[in-house]
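Below is one structure, written out as structure tokens; the observations come after it.
The values are calculated or read from the model by the stated rules, or taken from the named source; none is laboratory data. All figures in this text were calculated on a predicted structure; none of them were measured in a lab. Cβ: placed from backbone, ideal geometry, glycine included. Neighbour counts: every protein chain shown. Remember, those area values only see protein heavy atoms, side chains included, never the ligands or the DNA or RNA. Shrake-Rupley method; radii C 1.70, N 1.55, O 1.52, S 1.80 Å.
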Amino acid sequence: MQKHNGEKYYITTPIYYPSGNPHIGHCYTTTACDSIARYKRMQGCDVMFLTGTDEHGQKIEQKAAESGVTPKQYVDEKVDVFKKLWSFMNISYDRYIRTTDDYHIESVQKIFKALYDKGYIYKGEYKGKYCTPCESFWTESQLDEKGCCPECHRPVTEAKEEAYFFKMSPFADRIEKLLLETDYLRPKYRAQELVNNFIKTGLEDLCVSRTSFKWGIPVTFDTDHVVYVWIDALSNYITALGYDNGHYDDFSKFWPADVHMVAKDIMRFHAIIWPAMLMALDLPLPKHLAVHGWITFNGEKMSKSLGNVVDPFILGERYGADAIRYHIMREMALGGDVSFSNEIMINRINTDLANDLGNLVSRTVAMAEKYFDSTLPEEKQSGEFDDELIAEATALSEKVDKLVDETQLNLALAEIFRVVSRANKYIDETKPWVLAKDEANRSRLAAVLYNLLETIRIVSVLLSAFMPTDMPKIWKQIGAEGDSVLYDNTDKFGVLPQNVTVHKGEIIFPRIDVNKEIEELNKIIGNNKPAQADKKESKKEAPENVALIGIEDFAKVELRVAKITACEPIKKAKKLLKLTLDDGDGERTVASGIAKYYTPDDLIGKSVILVSNLKPAVLCGVESNGMILAADDGDSVKVIFVDNITPGSRIR
Ligand code: MSP
């Protein structure tokens, strides 16, 4: 019996503007949702995974005019590219919605009319500022310090026209409660900022129609107006199920959604406007809104290459779609931003996939081939270290289940790779090559290899939701098939036949020569700068009044790389932030006096230098276990971030 026998599960990505070519940033949400959808299917859920394209609006109308084609021709061509990318990345969506689909248009018109009939939509005059790239209206007070769009910081235009408005104020209290008192919003720390910025200042009515352009869904009872693109777009989550149309009949089965996943720039629409629309329509609210940060270059949201190859087609061709999927999911924490560079990506592929997982598989299979001619004998003799490995491997699925349910995919992958490391350590501990020297140890050697194959089976089945193409290649090599690769057998040990036969095959994750590869990529982007700037050595003398210490003093300080996995303000102490760190061995909490200089968003997902052997201290009620390094830089304090080093690595 499967764990979630037929339980329904509905997950959505945002629907993308098909206004340019997709880049690696667009792949993040879709890959994450795909992995969750695959995981849930594996667990036995009846899954609906929705994605699609948001095809109306002034921006598309303008782009089409610039290209000399109709808006529909323009979006048709771009949608093709998006669909090709999703197929290339193995995205297993169940439904693809285009907002130009007739059934969606029909439903949006009915939704608009229903809101009008209920008195939530009324006619008025719009005066204010409009940001065309974001398709967003802003009031004067919401603009940034330069009078530009507060989201993309581009200039806004004056707008004044007759328009329909959606009354938001009746829902203010319920939305505030939804954000502050439920676990709708993930991560929760963003709730207060939304409430302060949009609700406490008075939830303003939203302008929901336009007359200055035509490329939109006409308002049926006033055809000079087209429906505001966000009302059109947000509705996709229910129209795609057949809400108010006869095209599909899945609304009662799948609504409310289990998870909407979006990036932080569109959180406001999903955390405030969408719940208000649903409340006005008397519909249940989605269970969770998971908000992730951006994939950035130099702190800015990725949009073009800026000296890196970000075209997922090119990257996928070179390293395989699964390696790209793994990299972006492993790097991206819920909440925080993550910086992208080709070098970080290649190093991640080399360390985790080629070295840790790839070597584990190839060493184990090669030893089974060499010592037992590929087929293990039935007799096994258990021994030291077995119990620990077996306990960790069989406990893994429960941990991963929880993290997938919490949409913390980077942490789920970290747990899986912890077991991969444990298995590699087991090889070092049991030394099969030494056992192989003595005939008397044959049944012990067989047990060691069997335990490794079982661990690889469990790990690769759980990973198959994240890397659906490469894991079946591993199954073939370790002789796993049929029921042994079912999720339901991931909490059991001893599932592979005792006399399992392995099949040595290709290297699944070949190691990439970083310098050579960066050179190749530089050629692709026409940028022949050396991969790394020359390092200059500087010899400095100790400043006056600073006592010199010997190396033995320095050796007392244990410095390690640690990754910030969560961060929140400490209520009682304005200066402190409470950080949760992955220090390679597990989790620890550190309180750090940097609240004036950093928000949780700036920190989550980043790696820092931790003084890991500092005595614990309680600061404002929080037990702090260590300290992170930061520099006084003029009036500011800057945390020292490190890139591309595995948590737990010692610094010397
Ligand atoms: N059409 C709207 C969404 C409507 S949903 C009812 C839209 N489209 S978008 O194409 O501009 O962006 C879609 C999603 O991709 C957003 O969540 C956006 O933040 C995300 N990303 C775009 N670039 C990204 C990165 N560089 N990094 C992470 N997410 C990226 O907004």
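Structure values in brief
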quantity: Residue match in the stretch 607-624 (condition: buried (at least 17 other Cβ atoms within 10 Å of the Cβ), modelled with pLDDT under 85 and not small (G, A, S)); calculated: yes
quantity: The lone exception for L178 - which of (1) surrounded by 18 or more Cβ atoms within 10 Å (Cβ to Cβ); (2) of a type outside the set (S, T, Y); (3) more than 32 Å from the chain's Cα centre (by Cα) it fails; calculated: (3)
quantity: Number of positions in the stretch 74-86 that are within 27 Å of Y243 (Cα to Cα) and open to solvent by 30 Å² or more (accessible area, probe 1.4 Å); calculated: 4
quantity: Count - residues of the stretch 211-246 that are within 16 Å of the ligand (Cβ to nearest atom) and of a type outside the set (A, V, I, L, M, F, W, C); calculated: 8
quantity: The one condition in (1) more than 30 Å from Y184 (Cβ to Cβ); (2) modelled with pLDDT under 90 that E331 fails to fulfil; calculated: (1)
quantity: Qualifying residue in the stretch 563-575 (condition: outside any strand (DSSP E or B), open to solvent by 40 Å² or more (accessible area, probe 1.4 Å), more than 19 Å from Y189 (Cα to Cα) and not hydroxyl-bearing (S, T, Y)); calculated: no
quantity: Check on Y189, crowded, with 20+ Cβ neighbours inside 10 Å and either away from the ligand (no atom under 16 Å from the Cβ) or within 22 Å of D54 (Cβ to Cβ) (or both); calculated: no
quantity: Residue selected from the stretch 329-365 under the condition closer than 24 Å to D311 by Cβ and β-branched (V, I, T), by the criterion most open to solvent (accessible area, probe 1.4 Å); calculated: T351
quantity: Number of the exception - T239 against (1) within 28 Å of P150 (Cα to Cα); (2) open to solvent by less than 30 Å² (accessible area, probe 1.4 Å); (3) modelled with pLDDT of 95 or more; calculated: (1)
quantity: Residues of the stretch 161-199 satisfying the condition of being in a loop (DSSP other than H, G, I, E, B) and within 28 Å of D117 (Cα to Cα); calculated: K167, M168
quantity: In the stretch 585-624, the residues that are assigned to a loop (DSSP other than H, G, I, E, B) and of a type in the set (D, E); calculated: D585
quantity: Looking only at the stretch 322-346, and only at residues there that are within 17 Å of F641 (Cα to Cα) and among the polar types (S, T, N, Q), the one that is nearest to the ligand (Cβ to nearest atom); calculated: S339
quantity: Identity of the residue in the stretch 423-469, within 21 Å of T490 (Cα to Cα) and among the hydroxyl-bearing types (S, T, Y), that ends up most open to solvent (accessible area, probe 1.4 Å); calculated: T469
quantity: Complete set of residues in the stretch 473-496 that are open to solvent by 70 Å² or more (accessible area, probe 1.4 Å) and part of a loop (DSSP other than H, G, I, E, B); calculated: E481, L486, D491, K492
quantity: Output for the stretch 585-642, where each listed residue is of a type in the set (F, W, Y) and over 17 Å from R560 (Cα atoms); calculated: Y597, Y598
quantity: Filtered residues of the stretch 255-270 (kept if near the ligand (Cβ under 8 Å from one of its atoms) and in a helix (DSSP H, G or I)); calculated: K264, D265, I266, F269, H270
